[in-house]
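Scroll down for the structure; my scribbles are underneath it.
The values are calculated or read from the model by the stated rules, or taken from the named source; none is laboratory data. Note that the coordinates shown come from a computational prediction; the quantities given were computed from them, not determined experimentally. Here the Cβ is made from the backbone with ideal geometry for all residues, glycine too, and neighbour counts use every protein chain on show. Quick note on the areas: whole protein, heavy atoms, side chains included, nothing else; ligands and nucleic acids left out. Shrake-Rupley method; radii C 1.70, N 1.55, O 1.52, S 1.80 Å.
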Amino acid sequence: MEEKRFCYYCGEKLIEKSFQERMHRYCQTCDRIHYENPLPAVAALVVNQENQLLLVKRAVEPAKGEWCLPGGFIEFDESIEEAALRELEEETGMKGTITSLVDFFAQRSPFHGALLIFGYRVNIVGGEMKAGDDAQEVGFFDFNNLPPIAFLSHQALLRKEFGNYKKQNHPK
């Protein structure tokens with residue numbers, strides 16, 4: 001991920017400066033620290049009545065053509081739970097309700113930088129399953145026959161919720 005080089009307030013070149021024992025990007029003209037905070041994201045863990053997991057095959061980078069949990073970034077005007085349900089519907093056509101927070105993980109992405117991913121257990125309450133938004137395919141998979149899962153945070157959520165999910169080596 002490329003570093004920010006210019007102040008988004010005045011356009012001047014940023015420098016590196018230590019504040020509270022941490023290095024930050026800093027604008028001398030505005031006298032402002034440019035904090036690099038993690039981007040918040042969500043993932044939905046959906047299991048059907050046949051005890052199969054819902055996955056989407058990504059149509060965009062990162063991990064284009066690979067399988068993952070339905071999910072994405074939280075928009076400015078929505079709650080974390082609303083984002084999880086919106087992403088589920090956008091990517092799979094399915095409507096759901098949140099049943100529980102599984103966990104959350106901090107992760108570094110070479111594509112987006114620092115991320116904070118919240119995983120929710122979701123029950124399906126309607127909709128029609130179809131790949132949409134940034135998904136090539138969508139489908140339910142038996143736990144003993146899951147494809148490789150693209151993101152380390154999604155793998156960690158599966159281990160946390162289902163215990164026996166094996167860790168995979170994956171750079172994303």
- Note on the structure: For residue 85, the lone unmet condition from (1) open to solvent by less than 30 Å² (accessible area, probe 1.4 Å); (2) assigned to a helix (DSSP H, G or I) is (1)
- Note on the structure: If you go through 125, 60, the only one that is of a type in the set (A, V, I, L, M) and at pLDDT 95 or above is 125
- Item | Matching entry among 74, 117 (being farther than 14 Å from residue 46 by Cβ, in contact with a helix residue (DSSP H, G or I) (Cβ under 6 Å, 6 or more places away or on another chain) and open to solvent by less than 20 Å² (accessible area, probe 1.4 Å)) | 117
- Message: Considering only region 66-73, I want to know if a residue exists there that is aromatic (Phe, Trp, Tyr), over 16 Å from residue 135 (Cα atoms) and under 13 Å from the mean Cα position of the chain (by Cα).
- Response: no
- Message: Taking the conditions exactly as written (among the aliphatic types (A, V, I, L, M) and touching a Cys at 6+ places or on another chain (Cβ under 9 Å)), does residue 39 satisfy them or not?
- Response: no
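Against the definition (modelled with pLDDT under 95 and in contact with a Ser or Thr (Cβ under 9 Å, 6 or more places away or on another chain)), how does residue 151 come out, yes or no?
When the stated conditions are applied, residue 151 passes them.
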- Item | Residue that is assigned to a loop (DSSP other than H, G, I, E, B), out of contact with any strand residue (DSSP E or B) (no Cβ under 6 Å at 6 or more places or on another chain) and over 19 Å from residue 147 (Cβ atoms), where the choices are 50, 90, 75 | 75
- Item | Scope region 93-114; condition surrounded by 14 or more Cβ atoms within 10 Å (Cβ to Cβ) and assigned to a loop (DSSP other than H, G, I, E, B); matching residues | 93, 112
- Query: Between a first residue in region 126-148 that is among the acidic types (Asp, Glu) and a second residue that is assigned to a strand (DSSP E or B) and open to solvent by less than 50 Å² (accessible area, probe 1.4 Å), which pairs have beta carbons less than 6 Å apart while being 6 or more apart in sequence or on different chains?
  - Reply: 137/57; 142/52
- Task: May I ask you to list the residues in region 1-49 that are within 30 Å of residue 142 (Cα to Cα), open to solvent by 50 Å² or more (accessible area, probe 1.4 Å) and either in contact (Cβ under 8 Å) with a residue 40 or more places away in the chain or more than 26 Å from the chain's Cα centre (by Cα) (or both)?
- Result: 40
- Task: Read through the list (1) among the hydrophobic types (A, V, I, L, M, F, W, C); (2) surrounded by 13 or more Cβ atoms within 10 Å (Cβ to Cβ); (3) more than 13 Å from the chain's Cα centre (by Cα); (4) not in a loop (DSSP other than H, G, I, E, B), then give the number of the only condition that residue 125 fails.
- Result: (2)
- Residue selected from region 128-153 under the condition within 24 Å of residue 97 (Cα to Cα) and touching a Cys at 6+ places or on another chain (Cβ under 7 Å), by the criterion least open to solvent (accessible area, probe 1.4 Å): 149
